[in-house]
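One structure is given below, encoded as structure tokens.
Bear in mind these aren't lab numbers, they're just calculated from the coordinates by the rules spelled out. Only a predicted model underlies this, so the values are computations on that prediction, with no experimental measurement involved. All Cβ positions, glycine included, derive from the backbone under ideal geometry; neighbour counts span all protein chains shown.
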Amino acid sequence: MTDRDKKSVAAEVREFLSTRRARITPERSGLPLYGGNRRVAGLRREEVALLAGMSVDYYVRLERGNLAGASDSVLESLAHALQLDEAERTHLYDLARAAAPSGRRATVPAARVRPTVLRLLDSMTDVPAYVRNARFDILAANTLGRALYAPLFDSPLFAQRGPVNSARFLFLDPASKDFWVDRDKGADDAVAFLRIETGRTPHDKALTDLIGELTAKSGDFARRWARHDVKFHRSGVKNLRHPVVGDLSLPYEAMELPADPGLRLNFYTPEPDSPEKEALALLASWAGTGIVVPTAKDR
């Protein structure tokens, strides 16, 4: 690990722990509140140390970014003291591994979608589906998936570059405000997912470049990035406003492809006999059938 990498990981650790500490009040932690003039919004460092069962000096060292050598028991105690959820706990462990002397390197994401996965997409004729990487690049989509995400594929952002990237569209194309009904939630989720990826693959240059680009070009992204929130992106409901079929409320699943590190299959499954089911049927008839894979010609 280079000195620059060490500084980057240390800064990430420092900001993550300090922001988690700031959101926890003594009352929430079950600590007595002495005096009414507190200088910090959340817990003091000595209070976190007390809750975690460690010395103040050791906790201060951890919060300064030195997680190297921290045992699992120390990390668990810290996660308990800061009341971390599953995604935050995972992020803490990822940061500890990244801070290790060996300096874990990023897993290079698959550059292509395998033919078997493309055939799977092709067989999913009645639901929108696509494959993306951890940077939100859409690498392949079935026709219904591409039709659903037509505003992204038609965005001038990708006229001269590719692949289509939903995070770039969300923060850099004004049309995203019309497409995402819950744009604030979508923006929060996207940033939190990218943040957790920085812990998982801290030396992914393409990821770092994307975050740098969005931070420089979007104050909205930069403000959210500074929160250091993390979140898994596994399932939920997307509320979209499609230019052809109107408002849609679509349950989705995001499944990792174990044979293709860094790739995820996303698909939308509307309720039977729902307006969304009818709308997708209309969208399918409008779009036709068959798989569509983004290529240089498409961009």
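Picking from ALA99, LEU62, LEU84, whose Cα lies most toward the positive end of the charge dipole for the stretch 3-99 (charges on Cβ: Lys, Arg +1; Asp, Glu -1)?
LEU62
Assuming 0.692 mPa s and 37 °C, estimate D for the stretch 54-154 with Stokes-Einstein, Rh taken as the Kirkwood radius over Cα pairs, in µm²/s.
Rounded, D is 191 µm²/s.
Over the stretch 3-99, with a single point scatterer placed on each C-alpha, what log10 of the ratio I(q)/I(0) does the Debye formula yield at q = 0.17, 0.20 1/Å?
-0.70, -0.95
At a threshold of 8 angstrom on Cα-Cα distance, excluding pairs fewer than six apart, so keeping six or more, what relative contact order does the chain reach in percent?
In percent, rounded to a whole number, it is 20.
What is the magnitude of the charge dipole of the stretch 3-99 about its Cα centre, with +1 placed on the Cβ of each Lys and Arg, -1 on the Cβ of each Asp and Glu, and no other charges, expressed in debye to the nearest 20?
420 debye
Might you report the magnitude of the Cβ-based charge dipole of the stretch 115-292 about its Cα centre, with Lys and Arg at +1 and Asp and Glu at -1, to the nearest 20 debye?
580 debye
Taking Cα atoms, how many degrees apart are the long axis of helix 3-22 and the longest axis of the chain, rounded to 10 and kept between 0 and 90?
80 degrees
Of ASN266, PRO243, LEU170, which is farthest along the charge dipole of the stretch 154-278 in the positive direction, counting Lys and Arg as +1 and Asp and Glu as -1 at C-beta?
LEU170
Kirkwood Rh over alpha-carbon pairs of the chain, then Stokes-Einstein at 4 °C and 1.567 mPa s: what D in µm² s⁻¹, rounded to an integer?
For these conditions, the coefficient is 62 µm²/s.
Note down the magnitude of the dipole of the chain about its Cα centre, charges +1 on Lys and Arg C-beta and -1 on Asp and Glu C-beta and zero elsewhere, to the nearest 20 debye.
1040 debye
With the chain treated as a Gaussian network of Cα nodes joined by springs under 10 Å, which of HIS80, HIS91, HIS242 yields the largest mean-square fluctuation?
HIS80
Would you calculate, for the chain, the mean residue ellipticity at 222 nm contributed by helices, counting each DSSP H stretch of 4 or more residues as -39,500 (n - 2.57) and dividing by all residues, to the nearest 500?
Helix contribution divided over all residues of the chain: -14000 deg cm²/dmol.
According to the square roots a ≥ b ≥ c of the eigenvalues of the Cα gyration tensor, what is the shape class of the stretch 152-222, taking rounded for a/c under 1.5, prolate for a/b larger than b/c otherwise, and oblate for the remainder?
Taking the square roots of the gyration eigenvalues as a ≥ b ≥ c, the stretch 152-222 is oblate.
For THR25 and ASP57, calculate 0.36 nm times their separation in residues minus their Cα-Cα distance, and state this gained length in nm to one decimal.
Gain on extension, THR25 to ASP57, equals 9.4 nm.
Say we join alpha carbon atoms closer than 10 Å with springs in a Gaussian network model of the chain; which of THR116, THR208, THR19 then has the biggest fluctuation?
Most flexible of the set in this elastic network: THR116.
Picking from THR208, TYR252, PRO115, whose Cα lies most toward the positive end of the charge dipole for the chain (charges on Cβ: Lys, Arg +1; Asp, Glu -1)?
THR208
How long is the gain from LYS185 to ARG64 if the chain were fully straight, where each residue apart is worth 0.36 nm and the alpha carbon distance is subtracted?
Answer, rounded to one decimal: 40.5 nm.
Using only Cα atoms, figure out Rg for the stretch 115-292 and give it as a multiple of 2.2 N^0.38 Å.
Normalised Cα radius of gyration, the stretch 115-292: 1.00.
Which pairs in the list LYS185/LYS277; LYS177/LYS277; LYS205/LYS231; LYS217/LYS277 are over 30 Å apart, alpha-carbon to alpha-carbon?
Correct reply: LYS217/LYS277.
Extending each Cα 7 Å along its Cβ direction at ARG119 and VAL244, get the distance between those two points in nm, one decimal.
2.8 nm
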